[in-house]
Amino acid sequence: MFAANEDPVGRPLIEVVRDHRIDALALRARESGLEQAAEVELPATARIVQVRAVPLQDGDIVVLARDISRLRYLETVRQQFVANLSHEMRTPLAGLDLAAQTLSSQLPAEGDTRLFIDRISQEAQRLADILFNLNQLAALDAEEISVERTPFSVGDLVGSLIDRYQARAAAGKLILRAEVTADGLMALGDRAKTDQALQNIVDNALKFTRAGEVLVRASVDRNRVEISILDTGPGIPARDLSRIFERFYKVDRSRGGLPGSGLGLSIARHLVELQGGTIVAESSGGSGTTVRVRLPRQPLTLP
Ligand SMILES: Nc1ncnc2c1ncn2[C@@H]1O[C@H](COP(=O)(O)OP(=O)(O)OP(=O)(O)O)[C@@H](O)[C@H]1O
Ligand SMILES: [Mg+2]
């Protein structure tokens, strides 16, 4: 793992590993008496090693180094594969959709042929949505997405969100409303990313709720802003709650039913955590779901 050394026994650690970060890690472990860990890329060998420095009772330090280059390499290959695949598939899919739409427009409004061609178009659009999500996850994985950290009004954000979904809620006979409990509430983060995360959550609430209402509530929770989306839908069983933020995870996949690929919430989590926020889901099965997003709050400035 480390550049060869004639006879490492008895030499100072730094001479053997030739990396000041590893040496510093061992020192910190000795000084604090606590285990230290870090991932270090060794410039000499281009290897990535996971290093742990563990203090023993007699004052000695054990330094464990594990070569994880292969693991990191495979992760990168996987991410690039998904990114390339989703990118390459977008153009042919758009062509397919366009062809179907053109054909459809030339057919009479009624009849099986038109029905099936419209179906092709709808499914192509669903696939395009999945690819868009996959592509975005790939970009998030590759840390290609930058985040802003600027103050923005939570009231405005929630207001505009509600406006955009009002028609869809009405079409589903659902009540969609906002409740902003603090005036002039400001969050510190990325407005566009927060908006997208909230869209994914509201989309779920409207999709899974059969009757009743969806409430978007904004409030202050100590030094954080909290935006909760509450619905009166079927709820999420306790055993699934911790997993719904995983990629492709859907509750009771076998039931089929509602469209979606299980990517919306994993993207929402990424977008919120990028800003130093947190996201959790709560449900007492059968009686609605609450998803809470907490973001750093912009401290009040006195005029
Ligand atoms: N408000 C909700 N009420 C009930 N179940 C929910 C709710 N939100 C999420 N879920 C469950 O969590 C799963 C994951 O949600 P997610 O948004 O990630 O995926 P999706 O909505 O199925 O697909 P996509 O968002 O990619 O279109 C859903 O399939 C659903 O089973
Ligand atoms: Mg969703």
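The values are calculated or read from the model by the stated rules, or taken from the named source; none is laboratory data. These numbers come from a predicted model, not from an experiment. Neighbour counts run over all protein chains shown; Cβ positions are idealised from the backbone, glycine included. Please note that ligands, DNA and RNA were not included when accessible areas were found on the heavy atoms of the full protein model with its side chains. Shrake-Rupley method; radii C 1.70, N 1.55, O 1.52, S 1.80 Å.
The accessible surface of the range 150-296, taken with every protein chain in place and a 1.4 Å probe, is 52 percent carbon and sulfur. Rg/Rh for the range 186-261 stands at 1.00; both radii use Cα atoms, and Rh follows the Kirkwood definition. Note on the chain: the alpha carbon radius of gyration divided by the globular reference 2.2 N^0.38 Å gives 1.33.
Heavy atoms only, 1.4 Å probe, whole protein assembly: order VAL147, VAL82, VAL214 by accessible area, highest first.
Details: VAL147 60, VAL82 40, VAL214 0 Å².
Greatest to least solvent exposure: VAL147, VAL82, VAL214.
Comparing GLY212, GLY277, GLY155 in a Gaussian network model of the chain where C-alpha atoms under 10 Å apart are linked, the largest mean-square fluctuation is found at GLY212.
Accessible surface of LEU127, taken over heavy atoms with a 1.4 Å probe and every protein chain present, rounds to 80 Å².
Please state the charge dipole magnitude for the chain, taken about the Cα centre, from unit charges on C-beta atoms (+1 on K and R, -1 on D and E), reported in debye and rounded to the nearest 20. Don't jump to the answer; show the numbers that get you there.
On the way: 37 positive and 40 negative charges, 146 e Å.
Computed charge dipole of the chain: roughly 700 debye.
Expressed as a whole percent, the accessible area of the range 7-72 that falls on carbon and sulfur atoms is 52 (1.4 Å probe).
Since only LEU115, LEU134, LEU74 are under comparison, the one whose Cα sits farthest along the positive direction of the charge dipole of the range 72-141, derived from C-beta charges on Lys, Arg, Asp and Glu, is LEU74. Treating each Cα of the range 13-67 as one equal point scatterer and applying the Debye formula with no solvent, the log10 of I(q)/I(0) at q = 0.13, 0.22, 0.23, 0.29 Å⁻¹ comes out as -0.28, -0.76, -0.82, -1.18. Largest GNM mean-square fluctuation among GLY235, GLY264, GLY172, using the chain with Cα springs under 10 Å: GLY172.
Accessible surface for the chain, divided over its residues, is 60 Å² per residue with a 1.4 Å probe. Just so you know, the averaged projected area of the alpha carbon convex hull for the range 150-296 sits at 8.2 nm². The heavy atoms of LEU115 offer some 110 square angstrom of accessible surface to a 1.4 angstrom probe.
In a DSSP loop and with at most 16 other Cβ atoms within 10 Å, the GluC sites (Glu not before Pro) in the range 205-303 are GLU246.
Placing a label point 7 Å from the Cα of ARG28 along the Cα-to-Cβ direction, the residues of the range 37-52 whose backbone N falls under 12 Å from that point are 37-40, 51-52.
Taking all protein chains as they are arranged and a probe of 1.4 Å, the heavy atoms of SER32 leave approximately 60 Å² accessible to solvent.
Averaging the sequence gap over all C-alpha pairs within less than 8 Å and six or more residues apart, then dividing by the number of residues, gives the chain a relative contact order of 12 percent.
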